[in-house]
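A short write-up of the structure that comes next.
Read-outs throughout are calculated quantities, based only on the coordinates presented, and are distinct from any laboratory measurement. As the structure is a prediction and not an experimental result, all values here were calculated from the model. Here the Cβ positions follow ideal geometry from the backbone for every residue, glycine too, while neighbour counts run over all protein chains shown.
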Amino acid sequence: MRSFASRSRVLRYAVSAIALATPVLATAQTAENPTTDSAAGTPEQAIIVTGIRASVARAIDVKRNSASVVDAISAQDIGKLPDVTISDSLQRIPGVQIRRDAGEGASVNVRGLPQVQTLLNGEAYLGANSITSVQPNFTDIPSQLFSGANVIKSPTGTLLASGISGTIDLLTRRPFDFRSGLSGAAAVEGSYGDKAKKWNPQVNGLLAWRNDDVGFLVSASYAKVDLSNSYSGIQRDYGGRLANESIGDATGYGGFRFDDPNRGTSIYNNGLLTGVDVNGDGDANDTYFSPQAHTGWNRITTRERFGLNGSFQAHLNDKLDLVADGFYTKQTQYDRTAGFQFQAVNWQAADFVPGHSRDTGVKINGYNFNVVDQYNYTLQNFDSYSETGRTKSDSINLNLELRYNSGPFKATLRGLYGKAHKNFDDSYFQLSLSNGKQWFNGVGHYPAALGGDRTFNPLGYTYNTLPASIDYRGEMPNFTLPNALASNLGNPAAYGFKTTSSENNYRSNSDLKVARFDASYEFSPDVSFDFGARYGERGAEAYYFDRAAPFYAGQGASDPNGCYVKWKAFDVQMNSSSCSAGDANGFYTAGLTRLGNDATISKYLKQYTVPAGGVGAFYVLDPHAMDDAASFQNSFYPGNKEFVIPGRSYSIKLHQKSAYGQLNWNTEIGGMALRANAGLRVINTTFNVRQNISGPGQPYGLPAADVGDIYTHRSFTDWLPALNASLDVTEKFRVRAAFSKNMTLLDLAQWGGGLDLNYAIDTTFNPPIFRVSGGNSNGNPMLDPWRSTNYEVSFEYYLNRTSLINFGLYRIDIASFVKTDSVKRTDLPDLDGVVRSTVFINSQVQGRGGYLQGIEAGAKLGFDFLPGVLSGFGVDLNYTLSDSNAGGTNLNGAKLPFQDNSKHQVNAALWFEKYGLQARVAWNYRSARVEQTNFAGIDGLTLMQAPTNYVDASVSYDINKRLTIYAQGSNLTGEHERYYLAFPDQKAFNNIYERRFLIGARTKF
């Protein structure tokens, strides 16, 4: 069997042969913007797509008539795409894979890559969820405003803004899509989640009017949803470390429970102590991954979104048409989280000791790597916490087109303007049930005026007498709590206020300006030439900040002249030489603790349970109390001030000058019709970026000082050929071939971001110090964009209007890409200026030489030919194989695919439409995918998402021509996302989503 690489060479030769064998050039239709000629449509041509069968037929027509490889979705009716979100609908297309956010379809990749360009009616779209990124995220875009979407997998020469693996063109309605006169539709809906247990309202409507010369349209959508999404397992952002059974790790500061003598059985060799058998297998040759924290939480994500679309079309005269569009979205989102955590006190150690493990046969640094599925823990920290993140976003996109049509010459002059904002505010509040003595060295030291030294929580447990465990062998992790703790979960007086903060907040905005000229000249009915030029500007600014409150130790409370503290916490000691406070002992505690039954806290307390076994109801601060982060923080510690995070704040201005030329031709070869196009895109990209320089760390959790700016200028030019050809072997059977070179810009943050360090308090020092524990190198302006060479051949058999069978092969050779890797740093000092340890920094690094290759196969079959009720059925089936190699290997030796790519994807839908009844059941499967490489800085420890299966269904009934009632269910099997580290039994965590249901009624005229 020949390799795919050799098959790709055959494909290249086939494409070249088709091109050389066609001496006659002719016009080919384009699929990038199927609405291009809508302004010239007549009332007889204008239709309204309704029903499942009609939407399937429309999608097949788009594929058949396109000049390149394109797949499409189409609305079943006005305001009715086939799923809850556009992303959910797009995942039904072969090769389209989505990520979920709070259970709703969100980000999209095509053929395993997130470098996907998003267009709106054929040109650039600026969304509030993609201010800097390339990968589309559609959670803030009401799906009811769209008539459909095309996924362009092989670009033509006219497509100046394209992705590496695909381009998504969102299509709004325009007035000339409708028949003359007044048209409209309206829908009222209610949605419900089986975990959130709330009914939410949704309304949408459209009104359009047109005559032969002018038309107006306006559509709007409003929705509010409460989405339950929960979590249990390793606390992902806290990381962890490898620890082995050597003497150093088993008995030292950085090993297993350095303060607990019960670490296992000592192993001697010739009378010498050589190690400690931690897992009880009789030797001291093993190593394990020990997380820094385990957690469980419930989150309710509330989204209130509004969308408005307006469009105007006019025939100015026989040669000129005018099109104007406006598209506006606004969303306010609250992520309200309530949970608990088992957390290591010594973040440099491995506080969680293996209780049950399995030898994988893999060696790391000479030790056998063991999967751990049960951890034992001397209960140092049991905290409850709540967190509220508020995101406000909006975007506006304006489009103006003037179209000229005079015989063989056609031209369009187009201008676009877009602007988007996205602001995020966070507030965090933590309670602890321990007595605080695990924090060592004088925690709880206050001025005499405030009572002097005190115990953090008199009713709290003492950590070193209480064993606990976390067992991952079931579907959900099970936590075993000692009775002394479990009996106090229901007692508010046993909780002590430990920490509050407001960090990683941001203000971001972006703008987009485009001027474009496109023209076409038809030399004959079979030959035409397209040409054009485009100028685009895109700017973005990101301002990240933490809030910190001033403390004056003479009073032990906030004071405008005090030292600023980010983590207002009981275990933060004010002892820095640059901003010190205290008495003869040298420090005071920054956070003023209060018990859970204190009036300032008890009024906010609320009991929660989470999806983790062994932990009953516990108290947390009600997350609703922190909806306004700044006000809440000031209510406990007045005078909070914003401190910029220089490593994540930047500004960038990008300019692109582009031009293209493309020949289109039709001819015949042996009685078979051949359509082809060959084009060249030339794109010059220039950008200027301002990065902040991160200075030394500042005390009490403040971000590093902003000590200046770095300005970088870059310019590069890409020459991107594209060739597409299709051969009609018979009237129903078509063969396509495509070749293209592509370039896609990076996420602008990957060019603009800088170094951003994380710190963790170490209370084993006297006085305690903040130690650098990791961080992110967020960007590098010298990184190259994604570049690729794409090859494709496909076969399409059109049985009838609603039936299609297709099969295709593709290969994408990646010349350059960007990936996140863990880089070892030995030069980063702790906040006292001393370099003590090796630190792993997540960094953006250049990758080269990867590839994706695969197969796409699909069948859309309408059983119109069957008798009676059977003629109402149809199926939509597709399978995608996406094999990729991004370089590197997993711990088990397997090659690593590109991040976020699933090798296998299957979609199957059964639909029915007859007697006014429409119904559909759809199943989506994705195989395992890479979420993150080198987790916690450990080479080869890959965070993977296990395979997923989602089942959705919908049903509607046309009471008459004007009124339809309908219902819809998503995630009907209650699927949730399971993650693991390298080996499926090294479980990491679970994202738990809910079943969602929707009922509604729609009327139209």
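Kindly state, to the nearest 0.05, the FRET efficiency for Trp719 paired with Phe409, given R0 = 22 Å and r defined as their beta-carbon distance. Computed FRET efficiency for Trp719 and Phe409: 0.25.
The residue among Ser427, Ala220, Asn270 whose Cα reaches farthest toward the positive pole of the charge dipole of the chain, with charges on the beta-carbon of Lys, Arg, Asp and Glu, is Ala220. Extension gain, Phe795-Ser837: 0.36 nm per intervening residue step, less the Cα-Cα distance, totals 9.3 nm. Comparing Asn309, Gly647, Asn907 along the charge dipole axis of the chain, the residue lying farthest to the positive side is Asn309, per the Cβ-charge model. The charge dipole of the stretch 120-236, taken about the Cα centre with unit charges on the Cβ atoms of Lys, Arg (+1) and Asp, Glu (-1), comes to about 360 debye, rounded to the nearest 20. Given +1 at the Cβ of Lys and Arg, -1 at the Cβ of Asp and Glu and no other charges, the dipole of the stretch 728-855 around its Cα centre is 420 debye to the nearest 20. The length gained on full extension between Leu272 and Val921, counted as 0.36 nm times the residue separation minus their Cα-Cα distance, comes to 226.9 nm. The simple Förster model, with R0 at 35 Å and r as the Cβ-Cβ distance, assigns Ser487 and Asp598 a FRET efficiency of 0.95. Computed from backbone phi with θ = phi - 60° and the Karplus coefficients 6.51, -1.76 and 1.60, the 3J(HN,Hα) list for the stretch 420-426 is 9, 10, 8, 10, 10, 10, 10 Hz; x is used for glycine and proline. With the highest mean first, a sort of the peptides 872-881, 375-384 on other beta-carbon atoms found within 10 angstrom per residue produces 375-384, 872-881.
Summing charges over all other residues whose Cβ lies under 15 Å from the Cβ of Arg473, with Lys and Arg as +1 and Asp and Glu as -1, gives -1. Computed from backbone phi with θ = phi - 60° and the Karplus coefficients 6.51, -1.76 and 1.60, the 3J(HN,Hα) list for the stretch 743-757 is 9, 10, 5, 6, 4, 4, 5, 6, 9, x, x, x, 8, 10, 9 Hz; x is used for glycine and proline.
So if R0 is 41 Å, what FRET efficiency would Asn634 and Lys824 give, r being the distance between their Cβ atoms, rounded to the nearest 0.05?
0.50
The HN-Hα couplings worked out from phi for the stretch 786-803 by the Karplus form 6.51 cos²θ - 1.76 cosθ + 1.60 (θ = phi - 60°) are 6, 9, 8, 10, 10, 10, 7, 9, 9, 10, 10, 10, 9, 6, 7, 4, 10, 9 Hz, whole numbers, x standing for Gly and Pro. Rounded, prolate or oblate: pick one for the stretch 222-342, where a ≥ b ≥ c are the square roots of the eigenvalues of its C-alpha gyration tensor, a/c under 1.5 means rounded, and failing that, prolate if a/b is larger than b/c, else oblate. Note, shape of the stretch 222-342 comes out prolate.
The residues packed around Gly647, meaning those with a beta-carbon under 10 Å from its beta-carbon, carry a net charge of -1 if Lys and Arg are +1 and Asp and Glu are -1. Here the stretch 156-202 and the stretch 300-323 have alpha carbon centers that stand 12 Å from each other. Working ranking of peptides 282-293, 624-635 by packing, defined as the average number of other Cβ atoms within 10 Å per residue, highest first, is 282-293, 624-635.
Label positions at Lys363 and Asp283, each projected 7 Å from the Cα along the C-beta direction, are separated by 1.0 nm. Relative contact order, whole percent, for the chain stands at 12, derived from Cα pairs under 8 Å and 6 or more residues apart.
Summing charges over all other residues whose Cβ lies under 12 Å from the Cβ of Arg771, with Lys and Arg as +1 and Asp and Glu as -1, gives -2. Each of Gly614, Thr820, Trp347 was placed along the dipole of the chain (beta-carbon charges, centred on the mean Cα), and the one lying farthest toward the positive end is Thr820. Each label point was placed 7 Å from the Cα along the Cα-to-Cβ direction; for Val869 and Glu668 their separation is 4.9 nm. For the chain, the dipole from Cβ point charges (+1 on Lys and Arg, -1 on Asp and Glu) about the Cα centre works out to 1680 debye, to the nearest 20.
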